[in-house]
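Here is the structure we will look at.
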Amino acid sequence: MDFLELIQSNLLTPIVLFFLFGIITARIKSDLKIPDAISEFLPIYLLAAIGLHGGIEMRNTGFTAMLAPMLVAIALSLLFTLNHYQILRRLGKFNIFDSYALASTYGAVGAVTFSVGISFLDNQGVSSEGYLAAILAVLEPLAFILAIFLTNMAVSKQLEEKKKSFGSMESKIDINSGETRSNLKQVLHESITGKAIVILLGSIVIGYIIGENGFSSISIVFDELFTGAIVIFLIEMGIIAGQRLGDIREVGLFLTSFAIIIPTFNGIIGVLVATILGLSVGGSVMFGLLLASASFIAAPAVLRHTIPQAKPSLYITSALGITFPYNIIVLLPIMFTLSSFIHNSESINLFHHVTNFLT
Amino acid sequence: MKFYPTKLLTITCEILAKKNILDIFTKYSVTGYTSYEVEGRGSRGLRGQGLENEKNIKVEVVISEEKLHDVVEEIARTMFTDFAIMLYVSEIGILRTEKFS
């Protein structure tokens, strides 16, 4: 089959090989480690590069083209977060905090996954729409805000019920609900001014202003070095994922299958919807990847403050240890094959094709 | 030279709990503290490796006995169940009592 070949060739790209190398490094307990300063710097660099490219292309395409994809992405992201919650809470029997934390981790987007996707498409000689970087920036805080809002609602509902049963404790409970409200406001501020969004939006604006001409003087850093930087970062990601492989047993069978099935489902829906919206082959893959990816760098920082009751070992291990490798090794080629297939067959008349196949 | 007895509160916790602790300090008007990154092993395994957000920190604060009880009570009540955290108190001597009111 076509896409098995693609998976095979994808396995032999430097990005995937270095990621696997990182995992092996951790398993043999080597002391190899990317220095802290560099592994903190690289995500900032990757986001800056993504933002600059996005900004430059938005200057060419204008803002109107991105309106529909942006709104659809927002709607899908929120819908998926609610859907994850129902699955985790009802089928997985997770408690309310873990369910919301995991639901938003999988509803949010992964900037590192996005970078790998761009470089995967580069490798295939395909480009994607620049405004996807803007969608990345908007989606980044969205799922968390929804989850935090709903968790606060659920908690204050529980308090309300307690209040009914202990009428005398009213005053104390009022103080508590006041605290949650200010908490939400703080969360909004923190997630919008978070470093990932600030650098991404800043670079989009700067890219928009400088355009192709201004970019040529810095392209050696932000263009040529891009894939190389991802490779270095993925050694670190591989090491961290490798250290967590042992924890997968704790994650359990349900969450392990969730961490594979949900991204696949979300990603395929994303590719189909993006194709209907008229995005290019590469753009549809990136759109699917946005919805398929799980957040593992931003998620702990946000969730530890806002839903501290949720166990970080669950959402970090599943997002980084299972979903991330699955996305970059298996799901990317699947989505690429799907996207090229439906883009090619649109002109051949898909229905004709299907009926031919059936008869 | 005379040393005046007071308390030193030492907290070792995950880096993402730092903000909560500083908020509690502010609430009880504790004006100064010192913190640094550390690593170690405890009930939550080997800590302080890997992702930036998974590191551990140590916070030290010289504090008067009255404030100490409020601060420790609030930390214990709001944070012990959800965070990787431990704390202990030691007797220390200081020279300038007016600095640590």
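Summary table below
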read-out: Search result, residues across the range A:50-99 that are among the β-branched types (V, I, T), open to solvent by 40 Å² or more (accessible area, probe 1.4 Å) and over 21 Å from the mean Cα position of the chain (by Cα); value: A:T61, A:T64
read-out: Unique match (being farther than 30 Å from B:I85 by Cβ, within 18 Å of the chain's Cα centre (by Cα) and open to solvent by less than 10 Å² (accessible area, probe 1.4 Å)) among A:V330, A:V285, A:V273; value: A:V285
read-out: Residue match in the range A:29-49 (condition: away from chain B (no Cβ under 14 Å) and open to solvent by 50 Å² or more (accessible area, probe 1.4 Å)); value: no
read-out: Filtered residues of the range A:235-251 (kept if within 14 Å of chain B (Cβ to nearest Cβ) and open to solvent by less than 40 Å² (accessible area, probe 1.4 Å)); value: A:I235, A:E236, A:M237, A:G238, A:I239, A:I240, A:A241, A:G242, A:R244, A:G246
read-out: Filtered residues of the range A:283-318 (kept if part of a loop (DSSP other than H, G, I, E, B) and polar (S, T, N, Q)); value: A:S293, A:S295, A:Q309
read-out: Enumeration of residues in the range B:17-30 that are free of Cβ contacts under 8 Å to residues at least 60 places away in the same chain and either within 14 Å of chain A (Cβ to nearest Cβ) or of a type outside the set (G, A, S) (or both); value: B:K18, B:K19, B:I21, B:L22, B:D23, B:I24, B:F25, B:T26, B:K27, B:Y28, B:V30
read-out: Complete set of residues in the range A:261-310 that are more than 14 Å from chain B (Cβ to nearest Cβ), over 22 Å from A:A65 (Cβ atoms) and without any contact (Cβ under 8 Å) to a residue 40 or more places away in the chain; value: A:I261, A:F265
read-out: Among the candidates A:T256, A:T264, residue that is of a type outside the set (A, V, I, L, M, F, W, C), modelled with pLDDT of 95 or more, open to solvent by 10 Å² or more (accessible area, probe 1.4 Å) and within 19 Å of the chain's Cα centre (by Cα); value: A:T264
read-out: Total residues in the range A:301-327, condition under 19 Å from A:S77 (Cβ atoms) and open to solvent by less than 10 Å² (accessible area, probe 1.4 Å); value: 8
read-out: Members of the range B:73-92 found to be open to solvent by 40 Å² or more (accessible area, probe 1.4 Å) and out of contact with any Leu (no Cβ under 7 Å at 6 or more places or on another chain), listed by number; value: B:E73, B:R77, B:T78, B:F80, B:T81, B:M86, B:Y88, B:E91
read-out: Candidates A:T13, A:T25, filtered to the one that is more than 24 Å from A:F222 (Cα to Cα), touching a helix residue (DSSP H, G or I) at 6+ places or on another chain (Cβ under 9 Å) and away from chain B (no Cβ under 11 Å); value: A:T25
read-out: Of all residues in the range B:31-62 being within 12 Å of another protein chain (Cβ to nearest Cβ) and acidic (D, E), the one that is least open to solvent (accessible area, probe 1.4 Å); value: B:E54
read-out: Selection count where residues are surrounded by fewer than 24 Cβ atoms within 10 Å (Cβ to Cβ) and part of a helix (DSSP H, G or I), scope the range A:119-133; value: 5
read-out: Residue list for the range B:21-30, filter: open to solvent by 30 Å² or more (accessible area, probe 1.4 Å) and under 11 Å from the mean Cα position of the chain (by Cα); value: B:L22
read-out: Conditions (1) away from chain A (no Cβ under 14 Å); (2) touching a residue at least 12 places away in the same chain (Cβ under 8 Å); (3) more than 13 Å from the chain's Cα centre (by Cα); number of the one not met by B:V72; value: (3)
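The values are calculated or read from the model by the stated rules, or taken from the named source; none is laboratory data. Values in this document were obtained by computation on a predicted structure and should not be read as measured data. Every residue, glycine as well, gets a Cβ built from its backbone with ideal geometry; the counts of neighbours run over all protein chains shown. Please note that ligands, DNA and RNA were not included when accessible areas were found on the heavy atoms of the full protein model with its side chains. Shrake-Rupley method; radii C 1.70, N 1.55, O 1.52, S 1.80 Å.
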